[in-house]
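I have placed the structure first, in the form of structure tokens, so that the comments after it can refer back to it.
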Amino acid sequence: MDLIIQGFAWIFTPAHWTTTVFGTGILDALTQHLILTGISLFFTILIAIPIGFYIGHTGRGRGIAIILSNVARALPTLGLLSVLILFIPDVAGIPSNYIPNIVVFVLLGIPALLAGAYAGLESVDRQTIDAARAVGMTEWQILQKVEIPLGAALIVGGLRATSLQLVSTVTISSLLGQVSLGSFISNGVATNDYPQMMAGAILVAALALIIDGLLAVVQRFVVPRGVSRGANDRRNTTARGRKAAAATQGTPITEGI
Amino acid sequence: MIEFKSVSKLYPDGTRAVDDFSVIIPSRKTTVFVGSSGCGKTTLLRMINRMVDPTSGTIEIDSRDIAQTEPVRLRRSIGYVMQNSGLLPHRKVIDNVATVLLLTKVPKAEAYERALTLLDTVGLDRVLANRYPGELSGGQQQRVGVARGLAADPNILLMDEPFGAVDPIVRTELQAETMRLQRELDKTIVFVTHDIDEAFLLGDQVIILEKGARIAQKGTPEEILARPASDFVASFIGAERGKRRLTVSSGVQANGDDLVLVDAGGYAAGVIAAPDGKLATGNASPKSRSVSNKTSQAGDA
Ligand SMILES: Nc1ncnc2c1ncn2[C@@H]1O[C@H](COP(=O)(O)OP(=O)(O)OP(=O)(O)O)[C@@H](O)[C@H]1O
Ligand SMILES: [Mg+2]
């Protein structure tokens, strides 16, 4: 308990926001942390969303995706990072070790978002999709106007899970020299400065909570009207809907809408 | 005119849903496919808008092979109404009705104006335009489904058991509305049902199907009732059980000159006018049936 108070005290020491014994202040570390998370999230979305939509729309490739996702989840993050740092050369203009870090984070971030994307699409009532096709929507229009809006809650659920995972995992990049909020943890451990270590942990947790909270708001916001009122009660009682909801990590749409 | 020319459909799992089916569906009339569950009705219907492609054979609309028409374009030109309405739950009634118009790039204002008019056409109050489908009754949803099917002013309207999920009273209303629409709008309606009474009520041409969409009998309701082509047809239309062979009840006296009719089982089936003790005769053409229904469709869901 004392340590937690000391951690907060460390955070609320104004000087620590701009500089610490190691030079990096909280603001700097926070910025680096967010940039690294943001870039990783960007590439995760770039890869996971199209693949997830493809699987969800066509129903093809689901088995392979699950296997690969499980493999990615099982990867030892730190081990992989150390190996990649050895094999991926630095590129001019990009900070050293940046690319290996991002590669690892993206690999780690993909499974949850991928699952959210295809589970979101799969949760949409087949008859609704069939009807959309029968009135003359193209496959692209079905995806855009029917599957994405109706699956949005689960898709954002996947985004939420992935973002949380990235925010917390980016912490470990400090172990290999990358500045992030994790720097305070590793520095604190290295110098037996436990208040600083605790401060780092608190900052990471707080950031994760804030991002999760924001996305929770977004998640409510994306549930289309008409679906949130009664109509989706019926939809969620189908075995398909329940299974799809369970497949995603993150909070399923049934929570108090 | 829609023409099936030796059409077969073999699903990938080996089910022969349609086996060498040939038929001509005349324009501006209602043709009903009727048969028990799994006999291939839906498959037949969905081949007309290429939701299902035949394994062999061709389907022509106005003598043009539909395989040559791009499915999306074909579907936009054919109305489709299904059992569960199939409305988009996240779109307001008005947007659902306007879907096809907006897809075909009709200006928004015009599309909405037409959609509102269509609500009138199918007997829905315009105030429902801004509701979501989940806020409507089943019968109202079906009407919206019909309005959506009519939006692009298609010549052909496909209806797959559209009234299967509503209660009998609403169903009777919707059936009457369908007949009114057919009279007023002069569409070619292809209607699927497993209810023989509904088939006889709505169909100018009724096609009774057996498994594999084999035609057991084809004709007007009167022809089929008068001369069932086989035992299968007879039992399907209920003639065999005597349900449709009615006799005047000797026991019960009705009001005035009416006589009570009973079926072979002795159950009351209706009354018939018999002025001066003589049975009245009617004109058994579809026209007369539609007209008599015109007066009795005041109800609204
Ligand atoms: N996509 C499909 N894949 C495989 N078999 C199918 C498919 N769709 C339908 N069938 C089969 O084809 C046959 C005809 O089906 P269809 O849906 O046309 O029947 P139906 O007459 O409409 O029945 P119902 O009255 O129950 O709606 C059935 O045996 C059905 O199981
Ligand atoms: Mg069917």
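Miscellaneous remarks
- Residue that is away from every other protein chain (no Cβ under 14 Å), open to solvent by 10 Å² or more (accessible area, probe 1.4 Å) and of a type in the set (D, E, K, R), where the choices are A:ASP125, A:ASP193, A:ASP130: A:ASP193
- Out of B:ARG91, B:ARG73, B:ARG114, B:ARG143, sole residue that is of a type in the set (D, E, K, R), in contact with a Gly (Cβ under 8 Å, 6 or more places away or on another chain) and under 18 Å from B:LYS187 (Cβ atoms): B:ARG143
- Number of the condition not met by B:GLY38 [criteria: (1) away from ligand 2 (no atom under 16 Å from the Cβ); (2) assigned to a loop (DSSP other than H, G, I, E, B); (3) small (Gly, Ala, Ser)]: (1)
- Checking each residue in the stretch B:147-165 for being open to solvent by 20 Å² or more (accessible area, probe 1.4 Å) and away from ligand 2 (no atom under 16 Å from the Cβ) picks out B:ALA152, B:ASP153, B:ASN155.
- Contact annotation: residue pairs with Cβ atoms under 9 Å, 6 or more positions apart or on different chains, pairing a residue in the stretch B:8-28 that is over 23 Å from B:VAL206 (Cα atoms) and among the β-branched types (Val, Ile, Thr) with a partner that is at pLDDT 95 or above and surrounded by 15 or more Cβ atoms within 10 Å (Cβ to Cβ), are B:THR15/B:LYS9.
- Any hit, the stretch A:161-177, residues being closer than 30 Å to A:LEU3 by Cα, surrounded by 24 or more Cβ atoms within 10 Å (Cβ to Cβ), more than 14 Å from chain B (Cβ to nearest Cβ) and modelled with pLDDT under 90: yes
- Within the stretch A:133-144, the set of residues being surrounded by fewer than 19 Cβ atoms within 10 Å (Cβ to Cβ), at the interface with chain B (Cβ under 10 Å from one of its Cβ atoms) and part of a helix (DSSP H, G or I) comprises A:GLU139, A:GLN141.
- Checklist (1) assigned by TED's automatic domain parsing to the domain that holds B:THR15; (2) modelled with pLDDT under 95 applied to B:VAL260, failing item: (1)
- Residue within the stretch B:178-189 that is hydrophobic (A, V, I, L, M, F, W, C), open to solvent by less than 10 Å² (accessible area, probe 1.4 Å) and within 16 Å of ligand 2 (Cβ to nearest atom) present: no
- Count - residues of the stretch B:13-47 that are near ligand 1 (Cβ under 10 Å from one of its atoms), more than 14 Å from every other protein chain (Cβ to nearest Cβ) and hydroxyl-bearing (Ser, Thr, Tyr): 3
Per-residue answers, yes or no, for (1) more than 23 Å from the chain's Cα centre (by Cα); (2) surrounded by 15 or more Cβ atoms within 10 Å (Cβ to Cβ):
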{"site": "B:ILE224", "(1), (2)": "no, yes"}
{"site": "B:PRO228", "(1), (2)": "no, yes"}
{"site": "B:SER249", "(1), (2)": "yes, yes"}
{"site": "B:VAL260", "(1), (2)": "yes, yes"}
{"site": "B:THR281", "(1), (2)": "yes, no"}
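- Filtered residue count, the stretch B:76-90, keeping only those that are open to solvent by 50 Å² or more (accessible area, probe 1.4 Å) and more than 7 Å from every other protein chain (Cβ to nearest Cβ): 2
Yes/no per residue for (1) in a helix (DSSP H, G or I); (2) free of Cβ contacts under 8 Å to residues at least 24 places away in the same chain:
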position	(1), (2)
B:GLY79	no, no
B:ASN84	no, no
B:ILE94	yes, no
B:LEU101	yes, no
B:GLU110	yes, yes
B:ASP120	yes, yes
B:GLN140	yes, no
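- In the stretch B:166-174 there is no residue that is closer than 27 Å to B:ASP62 by Cα, surrounded by fewer than 21 Cβ atoms within 10 Å (Cβ to Cβ) and touching a helix residue (DSSP H, G or I) at 6+ places or on another chain (Cβ under 8 Å).
- Subset of the stretch B:48-65 (residues that are within 14 Å of chain A (Cβ to nearest Cβ) and more than 13 Å from ligand 2 (Cβ to nearest atom)): B:ILE48, B:ASN49, B:ARG50, B:ASP53
The values are calculated or read from the model by the stated rules, or taken from the named source; none is laboratory data. In this text the structure is predicted, and so the values were computed from the model without any measurement. Every residue, glycine among them, receives a Cβ derived from its backbone with ideal geometry; neighbour counts consider all protein chains shown. With ligands, DNA and RNA removed, areas are computed over all heavy atoms of the protein, side chains included. Shrake-Rupley method; radii C 1.70, N 1.55, O 1.52, S 1.80 Å.
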